[in-house]
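The values are calculated or read from the model by the stated rules, or taken from the named source; none is laboratory data. None of the values given here were measured: they were computed from a predicted structure. All Cβ positions, glycine included, derive from the backbone under ideal geometry; neighbour counts span all protein chains shown. Heads up: the accessible areas ignore ligands, DNA and RNA and are worked out on the full protein's heavy atoms, side chains in. Shrake-Rupley method; radii C 1.70, N 1.55, O 1.52, S 1.80 Å.
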Amino acid sequence: KSLARLAAYMNGSSIRSIEVTSQYSMLEWREDIKSNLMAAGLERKPVVFMLDDTQVVLETFLEDINSILTSGEVLNIYEIEDIEKIVNECKQNAEQAAGGISLGRDEILRYYRQRVRNNLHIVMTFSPIGGVFRKRMMQFPSFSNCCVVDWYVCFLLNFCVGVFF
């Protein structure tokens, strides 16, 4: 985690993580993910989202991460108001990037997803001890296809850091 934090600081990225409590559920997870996506896509902030294996309360959290890595979005995460906000705030920049051509809603949302992919970096720090790491790597193909896996050996313990760009 320390090396990932240092790299994010050197890159000028804001570091975000979740605070897991006894009441942390899928609703809070989706809100955290949505705020990270909006910060990266609407505000154009470079964001590093750090996730530790102890923070994975539900395996569905990893399904959302897998979806972000493959497509740049999580299905059904945005409400209608959120989509309208995205379209309204990205319209001018998307049309400028397209050379002044008037764009439709789908093209603007595609532009937004591309900005998310450019600005959001996901760092997962998982321990490879036991079978959980291997199972997750096999269950979620984007963890091996869309990322770099760095291995660190510290104090006789192995830690694996997945860095996704």
Practice item. Taking residue 63 as the residue in question, decide whether it is on the phi < 0 side of the Ramachandran plot, of a type outside the set (A, V, I, L, M, F, W, C) and open to solvent by less than 90 Å² (accessible area, probe 1.4 Å). Key: no
Exercise for review: Return the only residue of 100, 41 being within 29 Å of residue 144 (Cα to Cα) and of a type in the set (Gly, Ala, Ser).
Suggested key: 41
Practice item. Would you check which residues across region 85-128 are aliphatic (A, V, I, L, M) and either touching a residue at least 60 places away in the same chain (Cβ under 8 Å) or surrounded by fewer than 16 Cβ atoms within 10 Å (Cβ to Cβ) (or both) and list them? Key: 97, 98, 101, 116, 120, 122, 123, 124
Revision key, fill the gap. Within region 66-83, of all residues that are more than 14 Å from the chain's Cα centre (by Cα) and open to solvent by 70 Å² or more (accessible area, probe 1.4 Å), the one modelled with the lowest pLDDT is 76
Review point. Right, residue 53: open to solvent by 20 Å² or more (accessible area, probe 1.4 Å), without any contact (Cβ under 8 Å) to a residue 12 or more places away in the chain and either out of contact with any helix residue (DSSP H, G or I) (no Cβ under 7 Å at 6 or more places or on another chain) or farther than 29 Å from residue 141 by Cα (or both) or not?
Key: no
Study note, to complete from the structure: Within region 5-50, of all residues that are small (Gly, Ala, Ser) and open to solvent by 20 Å² or more (accessible area, probe 1.4 Å), the one farthest from residue 123 (Cα to Cα) is 22
